[in-house]
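The values are calculated or read from the model by the stated rules, or taken from the named source; none is laboratory data. The structure displayed is predicted, hence computed values, not measured ones. Note that we place each Cβ from the backbone using ideal geometry, even for glycine, and neighbour counts take in every protein chain shown.
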Amino acid sequence: MTHQETAPVPALELRGLRRTFGDKVAVDDMDLAVPAGSFYGVVGPNGAGKTTALSMAVGLLRPSAGQALVQGVDVWADPVEAKRRLGVLPDGLALPERLTGGELLTFWGRFRGMPRDVVAARTAELLRVLELEEAEQLGTLVGEYSTGMRKKIGLATALLHTPRVLVLDEPYEAVDPVSARVLTRILRRFTASGGSVVVSSHVMALVEQLCDRVAIVVRGRVMAVGTLDEVRAGASLEDRFVDLVGAPDVAEEELAWIAG
Amino acid sequence: MDRGMIALKFAMLRNAMPGLRAVGWAVGGVLVLATWAAALLVRDDGVRRSVLTLLAAVWTVGGMLGPVLTSGAGVLRADYFTLLPLRRRAVGRALLVSTFVSIASGFVLLALLAGTVHAAGRGAGAVAVAVVGALLGWVLVVVLSRLVYGLLGAAMQSKLGIEIAGVQFGIMFAAMFAGWMIVSVAMQSVPVLLRDGLPAGPVTTVLEALPSSWPLLAVDAAAAGDAGGALARLGALALLDAVLLVVTVALLVPRSARVARRRGRPRSRGLVAGGGLLPATQTGAVVLKEVRQWRRDPWRALESSTALWTGVVIGVLAMLDPGIRPVAAFAGLVVAFVLGLSGCNLYGQDGSAVWQNVVGEDATSVRSDVRGRQWAMVLVFAPRVLGVSVLFLVLSGAWWTVPYVAGAVPAVLGAATGAAVLTSAVGVSPGVDPRRRVGPNDANGNIALHVWVAMVATLLGAAPTGAAVVYAATTGSTAAAVLVAVVGVLNGWAAAWLLGTLATGYLRTRMVDVFSRIRYEQVFRDGEDAGLLDWIARTTLRGETRAKELKQQERDKRLARARSAA
């Protein structure tokens, strides 16, 4: 794993980023810097504000306050340049559901202004590497894809235009172990060539295995941040996480009937 | 279990839209009264028989088509029960039984009992036959309705189902646009029908052969003293009911594995990534994606088939009234006009997929998206508009209308694509997110205002051609008529360009707000106001929020009732 501590401009930087929904503060003045070339994990319990923060970072949600910078380019001041450098995999959003995977990639490549032959070659290669070729042969529409296949085609759309920074929301959810290895190989090659990856997840083991840097987000705030070893401080990441989040105890007499 | 399932169905219906159900009940009640009124008003037995057999056939066809639009029959689905430890045949039977217990089915029974009027005063035997016949006819209608609904694969899963729903919406729209035509046709034909009955000939022969007519034929047989003939007809109907029951129960039995549907043609890699007739530009990419969505997405297909059928129905209505027959030649214009309404919520229909427009933003992406959507609408709708225009020109024989149609069609088509995309941009009304859609109304939220905005914008956009038509019609010269065609083409182009440019300008800084309306149901933006467009945006958003609040209030009230009852 390479990380260039000396790189002056972070791949992704959040400065005092804030989002309120009515009275609820979803993201609370969040500061975060993702060094270039790093594989960065953002972990947190459900509803911690991970997705909200990443949505603001990639230009999908206007912040109440603060800035998001991609390689020093402000996402909200110069969106076109920032978005050229970004590859995004959102979680739980629709796609043009009535296209096949290949049609979707072709549309996306051309929509992003790539030449026809480049789109064709990359589409074919991505479908093959991500094992979506058979579905393509059958004419399966994206709307008929399984959750894991959707993640894969989503990743393919994120990668297609050669971005420098990938922001992936729950990329491994529902992906089978074999495909997960393929995904990991792709992402590692991406960071090895100087690209940066930010993933959000609540699967600690996965983050521990993949990432060199971690931020733990709880209730819209960054509770711990640093290299993997700094954050886990001798314990496992899960223990550190549970310490910070706090876990409710299940008393002996509760749910006693389960045993029967 | 049957009772449990009926209770479940009513509970689910209570949670559906209460207003719409009340309207349905009112309409059903009026139709029952009309059936009885027709039976009572006609004095002559022969005419009454012809009127009642026609009405019975209409009720049967209505029963077969009705459930596709209203949710009654589709409320309970076999796959809800696949995981419960129940015998499969029992589930199928209970599902069928639950169909019989409904308001709509009650209306059908009441309507069919109008057959007793035909038997009244012609002997106790005839009355008994009429009652038994009405019951058997009722079973026929209800079972058929469930069978057809099941065969259509819950309507939105099959092409035929979409087309049928399209016909229904088309009739509804046509009634709204041209209710006066229906009234005029009815005013002319109903009194004739009630006085003379149907003309003898193939229509009557076919009608009397239909099972829905058998109870009335049995009544006539009984009244004439032909007990054998009466019993034979009732027996045949009972047998048919039994067969349909068996078939329907078998169809309703839950299947554990959904039959996977695949589109037949495997696609070659070349076709997918490299080929296609359209240019490999940003706009070309959007056009191709949109045309595919229009063709493959059942909700979009429903919109386009509704436009088609609205035009056809209005054309047919105009043909029925000799006084206004030349109006039929403009049926294609109606298709073009309804396009403006069909496409008035494109971004809302895309749902959260709009994130791609936000993330893929570049200097030209918004313009390409707007123009691509407009071109796709033209490509999808123009053949339908042309087809309907040519068909009704030929049928009506009003050839003098050709220059007017040739001018008005491009003008309205152009204005409608512009109005549609502008309304889509300003009034985003997300329905159910694409992957969770089931019913035909799921794709849109509250588009009450959108429809008006799109209609007004289309009319304003095509106004110059309207003026040219008036001018040409008053002068009556050939040159003026040709002028209309020229003005129409230019007008259509200009209106599409202008309204599309407005949409592009509006969306350039607001694509993320479109996504916000879909994803977060609010817009996080202050200051800056684009006047009328922002007013429409705020009003449609308020309408959306209001509809949600009403639903929430309804839910709260129900919760409070449940609490106080407990």
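A few points about this structure:
- Qualifying positions in region A:182-224 - assigned to a helix (DSSP H, G or I) and aliphatic (A, V, I, L, M): A:Val182, A:Leu183, A:Ile186, A:Leu187, A:Ala192, A:Met204, A:Ala205, A:Leu206, A:Val207, A:Leu210
Residues are listed down the side, and each one gets a yes or a no for (1) small (Gly, Ala, Ser); (2) modelled with pLDDT of 90 or more; (3) under 20 Å from the mean Cα position of the chain (by Cα); (4) within 30 Å of B:Val287 (Cβ to Cβ):
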{"position": "A:Phe107", "(1), (2), (3), (4)": "no, yes, no, yes"}
{"position": "A:Phe111", "(1), (2), (3), (4)": "no, yes, no, yes"}
{"position": "A:Ala124", "(1), (2), (3), (4)": "yes, yes, no, yes"}
{"position": "A:Arg128", "(1), (2), (3), (4)": "no, yes, no, yes"}
{"position": "A:Gln137", "(1), (2), (3), (4)": "no, no, no, yes"}
{"position": "A:Gly154", "(1), (2), (3), (4)": "yes, yes, yes, yes"}
{"position": "A:Ala158", "(1), (2), (3), (4)": "yes, yes, yes, yes"}
{"position": "A:Asp176", "(1), (2), (3), (4)": "no, no, yes, no"}
{"position": "A:Val197", "(1), (2), (3), (4)": "no, yes, yes, no"}
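- Within region B:329-342, one or more residues are part of a helix (DSSP H, G or I), polar (S, T, N, Q) and away from chain A (no Cβ under 14 Å).
- Residue match in region B:427-435 (condition: at pLDDT below 90, among the basic types (Lys, Arg) and in the same structural domain as B:Gly311 (by TED's automatic domain parsing)): yes
- Taken over region A:80-97, the criterion of being under 17 Å from A:Leu166 (Cβ atoms) and of a type in the set (Val, Ile, Thr) is satisfied by A:Val88 alone.
Conditions tested, residue by residue: (1) buried (at least 18 other Cβ atoms within 10 Å of the Cβ); (2) touching a residue at least 40 places away in the same chain (Cβ under 8 Å); (3) more than 10 Å from every other protein chain (Cβ to nearest Cβ); (4) over 23 Å from A:Gly194 (Cα atoms).
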residue	(1), (2), (3), (4)
A:Leu99	yes, yes, no, yes
A:Trp108	yes, yes, no, yes
A:Leu127	yes, no, no, yes
A:Leu130	yes, yes, yes, no
A:Leu138	no, no, no, yes
A:Leu141	yes, yes, no, yes
A:Gly148	no, no, yes, yes
A:Thr162	no, no, yes, no
A:Asp176	no, no, yes, yes
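- Set side by side, the residues A:Arg122, A:Arg85 differ, and just one is more than 8 Å from chain B (Cβ to nearest Cβ), surrounded by fewer than 23 Cβ atoms within 10 Å (Cβ to Cβ) and touching a strand residue (DSSP E or B) at 6+ places or on another chain (Cβ under 8 Å), which is A:Arg85.
- Helices (runs of 4 or more DSSP H) fully within region B:176-230 counting 1 or more residues that are among the hydrophobic types (A, V, I, L, M, F, W, C), at pLDDT 75 or above and more than 26 Å from B:Leu136 (Cα to Cα): B:179-196
- Selection count, region A:26-36, where residues are surrounded by fewer than 22 Cβ atoms within 10 Å (Cβ to Cβ) and assigned to a loop (DSSP other than H, G, I, E, B): 1
- Any chance B:Leu302 is assigned to a helix (DSSP H, G or I), touching a helix residue (DSSP H, G or I) at 6+ places or on another chain (Cβ under 6 Å), within 30 Å of B:Leu144 (Cβ to Cβ) and at pLDDT 90 or above: no
- Restricting region B:344-355 to residues that are part of a helix (DSSP H, G or I) and more than 7 Å from every other protein chain (Cβ to nearest Cβ) leaves a set whose member that is surrounded by the most Cβ atoms within 10 Å (Cβ to Cβ) is B:Asp350.
- Residue that is farthest from A:Ala94 (Cα to Cα), among those in region A:139-181 that are among the charged types (D, E, K, R) and in a helix (DSSP H, G or I): A:Arg181
- Of all residue pairs spaced 6 or more apart or on separate chains, those with beta-carbon atoms under 7 Å, a first member in region A:39-63 that is more than 10 Å from every other protein chain (Cβ to nearest Cβ) and a second member that is of a type in the set (Phe, Trp, Tyr) and part of a helix (DSSP H, G or I) are A:Val43/A:Phe241.
- Residue ID - surrounded by the fewest Cβ atoms within 10 Å (Cβ to Cβ), chosen from residues in region B:222-254 that are touching a helix residue (DSSP H, G or I) at 6+ places or on another chain (Cβ under 6 Å), in contact (Cβ under 8 Å) with a residue 40 or more places away in the chain and over 30 Å from B:Ser98 (Cα atoms): B:Ala223
Per-residue answers, yes or no, for (1) over 22 Å from A:Gly92 (Cα atoms); (2) of a type outside the set (Ser, Thr, Tyr):
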position	(1), (2)
B:Ala503	yes, yes
B:Thr509	yes, no
B:Val523	no, yes
B:Leu533	yes, yes
B:Ile536	yes, yes
B:Leu541	yes, yes
B:Gln553	yes, yes
